[in-house]
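Here is the structure we will look at.
The values are calculated or read from the model by the stated rules, or taken from the named source; none is laboratory data. No experiment lies behind these values; they were computed from the predicted model shown. Neighbour counts run over all protein chains shown; Cβ positions are idealised from the backbone, glycine included. In case anyone asks, the SASA skips ligands and DNA or RNA and just uses the protein heavy atoms, side chains included. Shrake-Rupley method; radii C 1.70, N 1.55, O 1.52, S 1.80 Å.
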Amino acid sequence: MMRSGPEGCCRRPVRANGCVANGEVRNGYVRSSAAAAAAAAGQIHHVTQNGGLYKRPFNEAFEETPMLVAVLTYVGYGVLTLFGYLRDFLRHWRIEKCHHATEREEQQDFVSLYQDFENFYTRNLYMRIRDNWNRPICSVPGARVDIMERQSHDYNWSFKYTGNIIKDVINMGSYNYLGFARNTGACQEAAAKVLEEYGVGVCSTRQEIGNLDKHEELEKLVASFLGVEAAMAYGMGFATNSMNIPALVSKGCLILSDELNHASLVLGARLSGATIRIFKHNNMQSLEKLLKDAIVYGQPRTRRPWKKILILVEGIYSMEGSIVRLPEVIALKKKYKAYLYLDEAHSIGALGPTGRGVVDYFGLDPEDVDIMMGTFTKSFGASGGYIGGKKELIDYLRTHSHSAVYATSLSPPVVEQIITSMKCIMGQDGTTLGKECIQQLAENTRYFRRRLKEMGFIIYGNEDSPVVPLMLYMPAKIGAFGREMLKRNVGVVVVGFPATPIIESRARFCLSAAHTKEILDTALKEIDEVGDLLQLKYSRHRLVPLLDRPFDETTYEETED
């Protein structure tokens, strides 16, 4: 969070990031000592990265919520809660029609099937803005999509389709990072050919009769792409995490998990039976303290050493747009002899000069990551997930992972989509298309983030992250932003509680290599207009382009309005 202090520094007490040398950390930025001294002297500084563990600048921003906005957000939720209780009272006495599911009369004395507050929240808050989610599209999820128009005549409890199609809506929500979600081109042609030869379904598991030559080819290609000894593919990205973590750790083991890890990692950790301890998001001081305590004190009560210590992190955090501080995590992992599990669902294909994810982005050795996990659902325009690492690890998972033993194999056309897109990224198709897509995504990301900051919006995350959260805060503005953007033919994803903290509602944009500058400029124009309409430009800091541009990239000064 960002606040102007007496020395002109930006302070971020909640999400402090630590563990850097020869510099100081403020607001997620790592500044050199010279920059800190300049700021203390009242001079304008520019954001840089210390030269310790990092080979490139690492710039992240999490501006503090303005006090008035925070107060009004809490007041807004308070008013909605009061009206919710009033409406529940009216429903109880049959004054207002009750649409939500209720227990049968003979089950009234049973323990409630749903948690009370979550049910209350769904009835009285979520239903007000439910029309912003689950909108059915009827086209390829490319740079533009077609959306089926629907209406509700009972305040979003049910929807009816009008039969109309909203054409050519700019798609700012799909995880189509490299633009491979297409119905034309090499991927489509290859998938269609395999569909004719193999059909759609495999109808068996890998251990029985569902292990095709295409699956073997895919796994060898994934291992080569990641730079590891072996890899294994799975039919579902979520299950890749939730079913493999229990195969790796169990009771007597310790899991150290980032507080903002994805639900699949959280579920996998819980199913494992291991002890779970949470460290603050991307905070290396918090992680190191937990590692020290684990080594010094061991297991509770018995004080025996932990069987294993497993660190769970993500490459790009999908709600914050932040990138893991992987060089520091690896340094701590080596220092305290822990294992590292890296989820690259959003970063594989989207980061790094060759699209090989956050390891490539930082220029690190893949062997320093014990378990490399990722999905094919985003940058590759397909479905499923993978685990990469040592051959011994993969051999173990083939016989012990529930997702490998009991799940049906990947569909052959889906496998071919992954193979073709991955070869394109690697340049094995004889073209430079993959490299161009990676570069285009990076350019789109920096351009889009810069323009939003110049407009005055509060934007979270790393400057190189294609996931761009724009802060909305107030509950009424969640629905209003989504509806107003759709009126202007721009499809966006809005996110609120429980996916985010209750006062940190946001819109989440996902950039794609398929977005042209014209498309982005059109979207930015509409976002600017809606931002003025809904008064969303909360930022108290503006960014001014510098004359000098180190690292061949645009950097920005931070000044007070």
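Among the residues of the range 172-228, which ones are open to solvent by 70 Å² or more (accessible area, probe 1.4 Å), over 27 Å from residue 355 (Cα atoms) and not in a loop (DSSP other than H, G, I, E, B)? Hits for the range 172-228 are 195, 196, 197. A count restricted to the range 465-487 and to residues that are outside any strand (DSSP E or B) and either in contact with a Leu (Cβ under 7 Å, 6 or more places away or on another chain) or open to solvent by less than 10 Å² (accessible area, probe 1.4 Å) (or both) stands at 12. Only one entry in 436, 443 is within 21 Å of the chain's Cα centre (by Cα), among the charged types (D, E, K, R), assigned by the TED database to the domain that holds residue 513 and not in a strand (DSSP E or B), namely 443. Condition (residue is of a type in the set (Gly, Ala, Ser) and under 19 Å from residue 460 (Cα atoms)) applied to the range 322-344: is it met by at least one residue? Scanning the range 322-344 turns up at least one residue that is of a type in the set (Gly, Ala, Ser) and under 19 Å from residue 460 (Cα atoms).
A quick yes/no check of all residues on (1) closer than 29 Å to residue 295 by Cα; (2) modelled with pLDDT of 95 or more; (3) in contact with a Leu (Cβ under 7 Å, 6 or more places away or on another chain); (4) among the aromatic types (Phe, Trp, Tyr):
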site	(1), (2), (3), (4)
222	no, yes, no, no
241	yes, yes, yes, no
251	yes, yes, no, no
261	yes, yes, yes, no
265	yes, yes, yes, no
268	yes, yes, no, no
276	yes, yes, no, no
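Any residue at all in the range 455-474 that's more than 21 Å from the chain's Cα centre (by Cα) and within 22 Å of residue 522 (Cβ to Cβ)?
There is at least one residue in the range 455-474 that is more than 21 Å from the chain's Cα centre (by Cα) and within 22 Å of residue 522 (Cβ to Cβ).
Taking the stated definitions as given, is residue 370 surrounded by fewer than 24 Cβ atoms within 10 Å (Cβ to Cβ) and either touching a residue at least 24 places away in the same chain (Cβ under 8 Å) or not charged (D, E, K, R) (or both)? Answer is yes for this residue. The conditions of being in the same structural domain as residue 214 (by the TED database) and of a type in the set (A, V, I, L, M) are met by residue 422. Annotation note: of 416, 436, 443, 454, the sole residue that is touching a Cys at 6+ places or on another chain (Cβ under 9 Å) and among the acidic types (Asp, Glu) is 416. Residues that are open to solvent by 70 Å² or more (accessible area, probe 1.4 Å) and touching a Gly at 6+ places or on another chain (Cβ under 8 Å) were ranked within the range 401-450; the one that is modelled with the highest pLDDT is 435. Evaluate the range 345-359: report whether one residue or more is modelled with pLDDT of 95 or more, among the charged types (D, E, K, R), open to solvent by 10 Å² or more (accessible area, probe 1.4 Å) and part of a helix (DSSP H, G or I). No, the range 345-359 has no match at all.
Specify which of the listed residues (129, 166, 95) is free of Cβ contacts under 8 Å to residues at least 40 places away in the same chain and of a type in the set (Val, Ile, Thr). When all the criteria are applied, what remains is 95.
Within the range 98-128, being open to solvent by less than 80 Å² (accessible area, probe 1.4 Å) and modelled with pLDDT of 75 or more holds for 98, 99, 119, 120, 121, 122, 123, 124, 125, 126, 127. Taken as a whole, the structure leaves residue 308 outside the set of residues that are open to solvent by 50 Å² or more (accessible area, probe 1.4 Å), within 29 Å of residue 62 (Cβ to Cβ) and charged (D, E, K, R).
What about residue 147, is it open to solvent by less than 70 Å² (accessible area, probe 1.4 Å), among the hydrophobic types (A, V, I, L, M, F, W, C) and either closer than 20 Å to residue 511 by Cα or at pLDDT below 95 (or both)? The answer is yes for residue 147. Somewhere in the range 381-400, is a residue hydroxyl-bearing (Ser, Thr, Tyr) and not in a helix (DSSP H, G or I)? Within the range 381-400, one or more residues are hydroxyl-bearing (Ser, Thr, Tyr) and not in a helix (DSSP H, G or I). Under the condition of being within 23 Å of the chain's Cα centre (by Cα) and either without any contact (Cβ under 8 Å) to a residue 24 or more places away in the chain or closer than 26 Å to residue 284 by Cα (or both), the residues counted in the range 208-239 number 1. For the range 480-518, how many residues meet the condition of being of a type in the set (Asp, Glu) and touching a residue at least 60 places away in the same chain (Cβ under 8 Å)? Qualifying residue count, the range 480-518: 1. Cβ separations smaller than 7 Å between residues 6+ apart or across chains give the following pairs from the range 266-285 residues that are farther than 17 Å from residue 247 by Cβ to residues that are part of a helix (DSSP H, G or I) and polar (S, T, N, Q): 279/286; 280/286.
All of (1) open to solvent by less than 40 Å² (accessible area, probe 1.4 Å); (2) assigned to a loop (DSSP other than H, G, I, E, B) hold for residue 330 with one exception: (2).
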